[in-house]
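K.L.:
Just passing along the structure, written as structure tokens.
The values are calculated or read from the model by the stated rules, or taken from the named source; none is laboratory data. Worth saying up front: this structure is predicted, and the values here are computed from it rather than measured. Cβ: placed from backbone, ideal geometry, glycine included. Neighbour counts: every protein chain shown. For accessibility, only protein heavy atoms count, side chains too; no ligands or nucleic acids. Shrake-Rupley method; radii C 1.70, N 1.55, O 1.52, S 1.80 Å.
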Amino acid sequence: MTMMKKIGLLGSTGSIGRNVLRVAETHPERFCLAYLTANTRVDELIAQSLKYRPQTAVIADEGGYAALCAGLAGTGIRCEAGAAALADIAQDGEADVVLNAIVGAAGMLPTLAAVKAGRDVALSNKESLVMAGELINHICRTSGARIFPVDSEHSAIWQCLGGEQDRDVEKIILTGSGGPFLRRDLSTFDTITPAEALRHPNWSMGAKITVDSATMFNKGLELIEAFHLFHLEPSRMEILIHPESIVHSMVQFRDGSVKAQLGVPDMKVPIQYALTYPEHLLSDWPRLDLAAVGTLHFEQPDLRRFPALELARSALEKGKTYPAVFNMANEQAVGRFLKGEISFPQITHAVRTALEAHEPLDSLSREDLMSLCKLN
Ligand code: NAD
Ligand code: MG
């Protein structure tokens with residue numbers, strides 16, 4: 001017998017959020033929405049709420065509260081506002097699984113609140129794990145909450161690990177497309193415009209992760225994310241460039257056997273798996289046609305082109321609060337790059353400078369992490 005699963009969707013108006021709603025409407029007998037949340041796009045949140053009928057709609061930006069209440073008047077849908085309301089609903093909202101599709105460090109407190117309450121989290125917000133992976137894992141061990149990866153690479157590794165034993169794993173190989181600047185002349189990197197960085201060859205995503213894919217900070221964040229999900233020392237995690245984005249990642253075993261997970265680049269697949277694990281539900285989305293793809297390419301990443309990869313590895317090896325600073329410094333630099341305030345290479349420069357200046361904290365309490373969010 002199958003049960004209706006109530007999804008608490010944080011960040012419903014984003015690229016991932018909208019795909020979650022598409023997955024939910026593909027299987028109306030399996031999924032319903034407990035709540036929807038957005039940052040500022042109140043009109044879209046109202047339209048989504050009228051269509052998917054959650055119990056509650058939350059707008060993080062309090063300026064949107066009056067419009068939200070007016071738009072949902074008479075529907076019986078409860079309206080809430082403010083950043084604190086996000087953590088409250090992640091903790092207390094009546095959801096069987098919390099799907100966190102918020103972008104950036106703003107997603108950390110809701111993740112912590114959900115796992116503290118013992119709620120399973122389908123996690124797209126990788127920044128949560130990068131900032132507070134140890135704390136989240138610690139809380140999960142006591143509360144019994146589980147983290148199900150949504151990120152396509154981590155979903156691939158998770159699927160490859162199915163039925164295997166930890167001790168048989170030699171290493172994991174995270175693939176990344178290399179983004180739009182894989183072949184661009186390095187001497188022209190300081191002229192890269194936000195519009196150029198926002199043009200990803202294979203994936204359609206939100207602005208921040210698209211820039212992160214161009215710098216490969218995204219793969220750096222994913223390396224740290226993988227560490228907290230799969231518990232392998234950094235030397236057993238590799239990054240490989242794969243421009244076609246068909247092989248989503250791989251696991252190599254100690255007898256030399258390698259398992260890979262493949263598919264068309266479509267986030268609905270890993271989103272759905274995070275919601276239905278260990279089941280694969282029937283869906284009519286486009287199938288992979290390898291004969292049409294023809295050839296797959298792989299190459300080692302060039303660390304001069306993508307210095308973010310080395311910064312990530314060093315932040316992970318140093319541990320403590322270094323990964324949190326790695327994330328915060330990048331997040332702020334990407335914001336400034338998108339506003340035209342700094343150049344593309346200055347993103348990496350800003351992160352390197354922040355890491356060099358950082359005095360690490362030994363403890364990783366929620367309060368320390370919060371103060372890091374403010375300080376940087
Ligand atoms: P997006 O910018 O399209 O959407 C972000 C969502 O978060 C929106 O609903 C927005 O309202 C909400 N939000 C933004 N700032 C907020 C704040 N301060 N407080 C509360 N809510 C806020 O981003 P996205 O591309 O959907 O990415 C979301 C997350 O998923 C990121 O962590 C990203 O790294 C990860 N991810 C995305 C993809 C993808 O294909 N887009 C793939 C893998 C992982
Ligand atoms: Mg990814």
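K.L.:
Among the numbered conditions (1) open to solvent by 10 Å² or more (accessible area, probe 1.4 Å); (2) not in a helix (DSSP H, G or I), tell me where E310 comes up short.
P.N.:
The single condition E310 does not satisfy is (2).
K.L.:
Restricting the first residue to the range 100-122 and requiring it to be of a type in the set (D, E, K, R), which pairs with a second residue that is in a helix (DSSP H, G or I) meet a Cβ separation below 7 Å and a spacing of at least six or different chains?
P.N.:
K116/Q91; K116/I139; K116/S143
K.L.:
Condition (residue is in a helix (DSSP H, G or I) and acidic (D, E)) applied to the range 274-295: is it met by at least one residue? Don't jump to the end; show me each part of the working.
P.N.:
Keep residues of the range 274-295 that are in a helix (DSSP H, G or I), which gives 274-276, 290-293.
Filter again for acidic (D, E), leaving none.
No: the range 274-295 contains no residue that is in a helix (DSSP H, G or I) and acidic (D, E).
K.L.:
Kindly provide the set of residues from the range 179-217 that are within 16 Å of ligand 1 (Cβ to nearest atom), in a loop (DSSP other than H, G, I, E, B) and open to solvent by 20 Å² or more (accessible area, probe 1.4 Å), ordered by number.
P.N.:
Filtering the range 179-217 down to residues within 16 Å of ligand 1 (Cβ to nearest atom) leaves 179-180, 194, 197-217.
In the following step, the residues that additionally are in a loop (DSSP other than H, G, I, E, B) were identified as 198-206, 216.
Residues satisfying the conditions are L198, R199, H200, P201, N202, W203, S204, M205, G206.
K.L.:
How many of the residues making up the range 218-263 are open to solvent by 40 Å² or more (accessible area, probe 1.4 Å) and among the β-branched types (V, I, T)?
P.N.:
Qualifying residue count for the region: 1.
K.L.:
In this structure, is I224 in a helix (DSSP H, G or I), in contact with a Pro (Cβ under 7 Å, 6 or more places away or on another chain) and within 13 Å of ligand 2 (Cβ to nearest atom)? Write out each step before concluding.
P.N.:
Values: in a helix (DSSP H, G or I): yes; in contact with a Pro (Cβ under 7 Å, 6 or more places away or on another chain): yes; within 13 Å of ligand 2 (Cβ to nearest atom): yes.
Yes.
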